[in-house]
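Below is one structure, written out as structure tokens; comments come after it.
The values are calculated or read from the model by the stated rules, or taken from the named source; none is laboratory data. Given the structure is predicted, the values throughout are model-derived calculations rather than measurements. Reconstructed Cβ throughout: ideal geometry from the backbone, glycine too, with neighbour counts over all protein chains shown.
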Amino acid sequence: MGGTETVSSAKRILAMLQCRADGDDERFYTIALQVAAAEARQGHRRVAEGIREAVDKARTHSGRGQTVAVPFAAPRGDLADLIELRSPSHRLADVVLSDKPRKQIEGLVREQERRDWLREHGKTPSRRVLLVGPPGSGKTMTAEALAGVLKLPLFVIRLEGLITRYLGETAAKLRLVFDESAKRRGVYLFDEFDAVGGHRGATNDVAEMRRVLNSFLQFMEEPNATDSVVAGATNYPDLLDRALLRRFDLVLRFSMPTDEQVRTIIKSYLRPMRYPRLAWKGIIEAGAGLSQSELARATEKAVKTAILDERNTIRTRDVVGALEERREMREAFIGAKGSR
Ligand SMILES: Nc1ncnc2c1ncn2[C@@H]1O[C@H](COP(=O)(O)OP(=O)(O)OP(=O)(O)O)[C@@H](O)[C@H]1O
Ligand SMILES: [Mg+2]
């Protein structure tokens, strides 16, 4: 950003007072961090660190880093048809993940939370993330949780639907979404991302798909003043255009759950039931091959049954039965998308 040195402290104080009057906390902290950076450049490291710590603390106090239930204004006008506002209802801690994607997300959160600090040092925070993995492995849930930790609204754009609905003018509609992301900070989740790139036939209009791809390529390169997070989710990374793939800052890979994850997911969805002695070996066997989402739904089913039976304890056969039922459902819908 540059040029901040020349801003006098009186001007900064004025701007901070203005933020106070407007209730714009984020901007208030941003300016405070600019002051810290200016101090740091003059060699006043202790002062700079002090300011930065005070800002971090103030942010935590205002509920930052906690979660959810933040009311956000839904998109209006033309945008209302393109973007769906979701309120985050999952915490990052609830998403059962392998170490690698978890670390990657934590890294992203850290860069986003300290983005002003990075920018003051001439660095751009990561914000473009591709979520790759089978149906029901937690891609949408992760985007939601990410929005939750960052205290940002989650906007979901379903590309396949958008392309079929706005045949011929998809690129123009996308432009509206892109512009919004530069104006309003949020997590923008482009679902069914493989629809971009033209390998798959949402439409036979090759020229249209070319335009869509090109507008995405351009959008991904544009600097984004609001540091909105752009997430793409896909089950089919192979269908993605290579040039598009290269524009992401990070790729998170989701996969079918490991035995340990099967256990963790089932345990977490068993709450608030008691489960004193479950035969985990049999349960894990019954859960093998099911997605995270299917495991979650099956476990919920077992819990509901117990509640209706007015029991507060879950037995192995409740869980195994529900898992087997899920497996039968999956087999009945083989090949069907979104086998949740
Ligand atoms: N990794 C996970 N940990 C815990 N629960 C999960 C996980 N993945 C999925 N779930 C459960 O399944 C539900 C559906 O998952 P989600 O919508 O995130 O899957 P997805 O990967 O986006 O699937 P799709 O490709 O079909 O869009 C979640 O809301 C959650 O209840
Ligand atoms: Mg999804």
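Can you find even one residue in the range 146-159 that is more than 22 Å from Ala243 (Cβ to Cβ), in contact with an Asp or Glu (Cβ under 7 Å, 6 or more places away or on another chain) and among the β-branched types (Val, Ile, Thr)?
Among the residues of the range 146-159, at least one is more than 22 Å from Ala243 (Cβ to Cβ), in contact with an Asp or Glu (Cβ under 7 Å, 6 or more places away or on another chain) and among the β-branched types (Val, Ile, Thr), which makes the answer yes.
Is it true that Ile265 is part of a helix (DSSP H, G or I) and either touching a Leu at 6+ places or on another chain (Cβ under 7 Å) or away from ligand 1 (no atom under 16 Å from the Cβ) (or both)?
It is true that Ile265 is part of a helix (DSSP H, G or I) and either touching a Leu at 6+ places or on another chain (Cβ under 7 Å) or away from ligand 1 (no atom under 16 Å from the Cβ) (or both).
Looking only at the range 99-136, count how many residues are within 16 Å of ligand 2 (Cβ to nearest atom) and farther than 14 Å from Val229 by Cα.
Qualifying residue count for the region: 6.
Can you find a residue in the range 144-151 that is outside the structural domain of Arg327 (by TED's automatic domain parsing), away from ligand 1 (no atom under 15 Å from the Cβ) and either closer than 30 Å to Thr258 by Cβ or in contact with a His (Cβ under 6 Å, 6 or more places away or on another chain) (or both)?
Yes, the range 144-151 contains at least one residue that is outside the structural domain of Arg327 (by TED's automatic domain parsing), away from ligand 1 (no atom under 15 Å from the Cβ) and either closer than 30 Å to Thr258 by Cβ or in contact with a His (Cβ under 6 Å, 6 or more places away or on another chain) (or both).
With the requirement that a residue be among the aromatic types (Phe, Trp, Tyr) and either modelled with pLDDT under 90 or under 15 Å from Ala80 (Cβ atoms) (or both), what does the range 160-187 give you?
Of everything in the range 160-187, just one residue is among the aromatic types (Phe, Trp, Tyr) and either modelled with pLDDT under 90 or under 15 Å from Ala80 (Cβ atoms) (or both), namely Tyr166.
Going through Arg317, Arg326 one at a time, which residue ends up being touching a residue at least 12 places away in the same chain (Cβ under 8 Å) and assigned to a helix (DSSP H, G or I)?
Arg326
For the range 302-316, which residues satisfy the criterion of being surrounded by 13 or more Cβ atoms within 10 Å (Cβ to Cβ) and out of contact with any strand residue (DSSP E or B) (no Cβ under 9 Å at 6 or more places or on another chain)? Show your work before the answer.
Initially, the range 302-316 is screened for residues surrounded by 13 or more Cβ atoms within 10 Å (Cβ to Cβ), giving 302-303, 305-306, 311, 314-316.
The answer is Ala302, Val303, Thr305, Arg311, Arg315, Thr316.
Do you know which of the residues in the range 137-159 that are within 12 Å of ligand 2 (Cβ to nearest atom), out of contact with any Leu (no Cβ under 8 Å at 6 or more places or on another chain) and not aliphatic (A, V, I, L, M) is nearest to Lys100 (Cα to Cα)?
My answer is Ser137.
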